[in-house]
1. Please enumerate the residues belonging to the stretch 197-216 that are part of a helix (DSSP H, G or I) and either in contact (Cβ under 8 Å) with a residue 60 or more places away in the chain or surrounded by fewer than 18 Cβ atoms within 10 Å (Cβ to Cβ) (or both).
2. What's the total number of residues in the stretch 229-253 that are open to solvent by 70 Å² or more (accessible area, probe 1.4 Å), among the aromatic types (Phe, Trp, Tyr) and touching a residue at least 12 places away in the same chain (Cβ under 8 Å)?
3. I'm checking my understanding of the structure. Among residues of the stretch 7-36 that are assigned to a helix (DSSP H, G or I) and aliphatic (A, V, I, L, M), which one is most open to solvent (accessible area, probe 1.4 Å)?
4. Output the helices (runs of 4 or more DSSP H) that fall wholly within the stretch 37-148 and possess 1 or more residues being at pLDDT below 75 and open to solvent by 50 Å² or more (accessible area, probe 1.4 Å), or say none.
5. Restrict the check to the stretch 169-176 and report whether at least one residue is among the β-branched types (Val, Ile, Thr), open to solvent by less than 60 Å² (accessible area, probe 1.4 Å) and part of a helix (DSSP H, G or I).
6. Would you point out the residue of the stretch 254-284, among those that are of a type in the set (S, T, N, Q) and open to solvent by less than 100 Å² (accessible area, probe 1.4 Å), that is farthest from residue 210 (Cα to Cα)?
Amino acid sequence: MPWAEKKFARANPKERSHYEALNFLYLNLGLTNRQSDLVKRMIVRWPGEKGLWDAWASLLSQAGRNKDACEVTKLLYLGGALTEEADILKVVQYYSYYDMPFQAAQILEKEMNAKRVKRKVERLVQLSSLFRQAREYARAIPILEEATQSKGTADLYAQLGEALYNESLCARAETAFKQAIDRGYDAGKAWTHIATCRYEDVQKHQRLSCEMSDSEKAAARKTQARQSTIAAFEKVPVQSTQRPDALKWISFIKSERQTFDKRCAFEERVRRDECFKDIRRAYE
């Protein structure tokens, strides 16, 4: 090694063979830091060689400098040097690893549209997962729908159901979760999502009024939505780990109505008491 380094230092001009010989020795002796410095010098002389950039990124990764390796790979991609599917997926992986799922999704979607990455179910699932991590549920929905048409597994339908649920599209979410259940998905989880979405829908309806008659209260959309929610929670299987929470929800929803009825009864008692007082005052 000392003689090789002296020969390299004295070489004028330095040819590619000088760099390659020294690089070979550094590689085989495990001298990663020296090899990294040498490869950087080679990049300065031959900046258009993708192999050198790949080698530098690999050396940075070996040295535990994963973030720097990621930056090198990103530079290559942004510079248009990465066009192979494997290289593009590596870029996507780096963005995802460093908590930038939205940027990763944008790159993957762009490259799939450009047909540099194959549009297969595996990639559709990956893309939808990245959008869901970024809380871009609306963008994940059409991708998941496409994936379920190609390969309608229980997990895919469940993921579609969750995305629809997060966008408050309860009717469509319920359909997706039922498809998932039919294909073997955890019924407890599915019915819990369905019931929770129904409960959120309860809050959108007009509140009941104590002035309503009993028949009006029973026919009110809020009452029907509340009963529908209870029915969904009751469908959580007894053996499911979700069952205890479902029972708590049922108890809570029923207590909401009981509290309302008690308030109405109290208001009625107060009204009648005031009425009798007015009658007594009138007699007096």
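1. 200, 214, 215, 216
2. Counting residues in the stretch 229-253 that are open to solvent by 70 Å² or more (accessible area, probe 1.4 Å), among the aromatic types (Phe, Trp, Tyr) and touching a residue at least 12 places away in the same chain (Cβ under 8 Å) gives 1.
3. It comes out as 27.
4. 50-62, 66-78
5. No, that holds for no residue.
6. The qualifying residue farthest from residue 210 (Cα to Cα) is 255.
The values are calculated or read from the model by the stated rules, or taken from the named source; none is laboratory data. It should be emphasised that the depicted structure is a prediction, and the values quoted were computed from it without experimental measurement. Cβ: placed from backbone, ideal geometry, glycine included. Neighbour counts: every protein chain shown. Heads up: the accessible areas ignore ligands, DNA and RNA and are worked out on the full protein's heavy atoms, side chains in. Shrake-Rupley method; radii C 1.70, N 1.55, O 1.52, S 1.80 Å.
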